[in-house]
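The structure appears right after this line, and notes come after that.
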Amino acid sequence: MTMFVGWTPRGATGRAQSIASFTDYQRTFGGLDSRSFLGHAVQHFYDNGGSAACIVRLVGADAATAGAMHGTLSFVAASAGQWANGFAVRTTRSRLSDDRFQLDVLDTTNGSAVVESYQNLSIDPGDPQARYLEAIVNARSELLSVTTIGPTAPVDGTSALSGGNDGTVLLPGSSAFHAALARSFEGNAIIEDLDLVNLVCVPGESDATTLAMLQGWCRKHRAFLIVDADRAATVQSLLDGTTAVPTGPDAFNSAVFFPWVRAPDPLQGGVLASFPPSGFVAGVFARIDTARGVWTAPAGKDALLNGAAGLAVEINEAQNSRLNPKAVNCLRTFPAYGNLVWGSRTLHGQDERGSEWKFIPVRRTALFLEETLSRGTQWAAFEPNDETLWSQIRKSVGDFLQGLFRQGAFRGSTPREAYFVKCDSETTTKADIELGVVNIEIGFAPLKPAEFVIINLQQAAGSVPT
């Protein structure tokens with residue numbers, strides 16, 4: 001799953017919400033908005049082959065939520081923002097019973113069209129037909145929630161929601177944006193509880209301190225951060241270090257892409273505008289992951305940027321050959337192919353660094369293996385921590401790696417040359433057994449470079465009562 005973070009005009013806050021398409025994004029978060037890069041980035045992601053995604057909405061502290069008092073009912077919009085001011089609620093008493101009524105939610109910006117409707121409602125929590133207003137509406141509505149504040153059913157009538165306010169629009173690079181981002185990622189239980197995120201994008205954000213925080217989060221969660229080069233960056237500023245990118249201890253879980261992408265803007269009648277590359281690149285990652293596997297470099301002639309009309313900076317071969325050794329992944333235009341991703345290095349990919357995590361597919365393959373095998377060996381917690389368990393783990397992990405070997409994920413003509421699994425009395429000592437853990441050592445030969453990369457996993461074992 002790819003996580004996108006940024007300001008939107010509507011949508012839930014305080015949690016990451018999953019979407020399956022750009023249509024989902026439009027319905028839930030308001031679609032494209034000229035004040036934010038996020039909507040365009042999500043659209044570029046899906047245009048380039050993206051699938052599952054989740055959105056973390058950031059809003060200013062001064063954003064307000066619309067509401068309405070309607071007789072004995074109090075309505076509150078589902079999220080903060082001016083968007084809800086365009087809706088109204090209408091109640092109609094039942095002709096069969098005075099204590100039952102119908103509730104309609106109206107879109108007043110579209111001829112008061114009914115967008116949600118609930119029939120045969122009651123304000124009695126013990127309603128024998130189980131049609132209690134709060135239980136029905138609050139469980140089903142995507143637009144609002146309701147609270148009953150009196151014992152009688154509402155009369156016929158219509159009330160408009162009002163008071164919604166977008167508040168301060170949070171722009172990447174601003175202190176308010178950074179503060180909201182930190183609140184979402186540092187100690188936020190909602191984001192911490194996300195089941196699986198493998199790519200993270202914060203479109204337009206290039207502040208080194210903020211990116212370092214995100215790199216740390218990605219390392220903790222086995223995710224990979226796609227970084228946008230600063231909009232004002234040039235070839236020279238990246239070469240001489242005037243445009244800084246974070247290359248600290250967690251930087252191998254991230255990669256930077258340059259330059260920004262020129263593409264038609266639907267909000268301006270298709271006029272070309274510059275957009276952060278992260279949305280395009282995340283879609284390319286997802287497309288190549290599906291077609292060829294996470295062990296394949298998301299670059300080259302197969303890494304076409306769908307929807308791109310050009311690049312904000314045209315880069316030639318000589319410039320690329322100087323930027324690439326500095327771990328800057330260039331986007332380039334080739335007459336025969338179009339606009340392509342033409343680099344696949346992590347932010348530990350500088351030649352002089354000599355990092356084993358120099359290349360994106362090597363790092364992402366390791367993250368994929370760590371996450372998959374960590375989840376796939378959790379059953380060890382219910383088994384005695386002895387040679388029988390170790391043998392089962394070796395077989396289970398070996399079968400998985402053999403399947404990947406057959407798909408071409410590793411270098412080597414035989415399994416022995418491609419990977420190994422070690423789980424025995426050397427990896428798991430008596431002290432480890434006393435502590436209730438089993439240690440697994442996995443090595444694989446990535447397609448490039450050829451040296452083995454070592455992964456160490458630890459699981460609870462023999463410590464869960466049955």
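The values are calculated or read from the model by the stated rules, or taken from the named source; none is laboratory data. Just so it is clear, the structure is predicted and the values come from calculations on it, not from any experiment. In this analysis, Cβ positions are derived from the backbone assuming ideal geometry, glycine residues included, and neighbour counts consider all displayed protein chains.
Here are some notes:
- Residue in region 119-127 that is closer than 30 Å to TRP7 by Cα, of a type in the set (A, V, I, L, M, F, W, C), more than 34 Å from the chain's Cα centre (by Cα) and part of a strand (DSSP E or B) present: no
- Checked across region 44-63, the condition of being closer than 24 Å to SER159 by Cα and at pLDDT below 95 holds for at least one residue.
- For the residues ASP156, ASP99, the requirement of being of a type in the set (D, E, K, R) and more than 15 Å from HIS70 (Cα to Cα) singles out ASP99.
- Verdict on SER145 being of a type outside the set (A, V, I, L, M) and assigned to a helix (DSSP H, G or I): no
- Pick from region 112-149, criterion among the aliphatic types (A, V, I, L, M) and crowded, with 18+ Cβ neighbours inside 10 Å, ranking: nearest to ALA77 (Cα to Cα): LEU144
- Region 255-290: number of residues that are assigned to a loop (DSSP other than H, G, I, E, B) and aliphatic (A, V, I, L, M): 0
- Yes/no for ARG287 being modelled with pLDDT of 95 or more, farther than 25 Å from ASP207 by Cβ and buried (at least 16 other Cβ atoms within 10 Å of the Cβ): yes
- Flag if ASP250 is acidic (Asp, Glu) and closer than 27 Å to LEU447 by Cβ: yes
- Test for ARG15: is it under 16 Å from the mean Cα position of the chain (by Cα) and basic (Lys, Arg): yes
- In region 150-186, residue surrounded by the most Cβ atoms within 10 Å (Cβ to Cβ) [restricted to those that are assigned to a helix (DSSP H, G or I) and hydroxyl-bearing (Ser, Thr, Tyr)]: SER184
- Of all residues in region 17-62, those that are touching a Phe, Trp or Tyr at 6+ places or on another chain (Cβ under 9 Å), part of a helix (DSSP H, G or I) and in contact (Cβ under 8 Å) with a residue 40 or more places away in the chain total 9.
- If the condition is being out of contact with any Leu (no Cβ under 7 Å at 6 or more places or on another chain) and surrounded by fewer than 19 Cβ atoms within 10 Å (Cβ to Cβ), then region 327-354 contributes PRO335, ALA336, GLN350, ASP351, GLU352, ARG353, GLY354.
- Any hit, region 295-316, residues being without any contact (Cβ under 8 Å) to a residue 24 or more places away in the chain, in a helix (DSSP H, G or I) and not assigned by TED's automatic domain parsing to the domain that holds LEU404: no
- Among the criteria (1) part of a loop (DSSP other than H, G, I, E, B); (2) more than 19 Å from TYR46 (Cβ to Cβ), the one PHE252 does not fulfil is (1).
- Output for region 118-147, where each listed residue is among the small types (Gly, Ala, Ser) and either in contact with a helix residue (DSSP H, G or I) (Cβ under 9 Å, 6 or more places away or on another chain) or at pLDDT 95 or above (or both): SER122, ALA130, SER145
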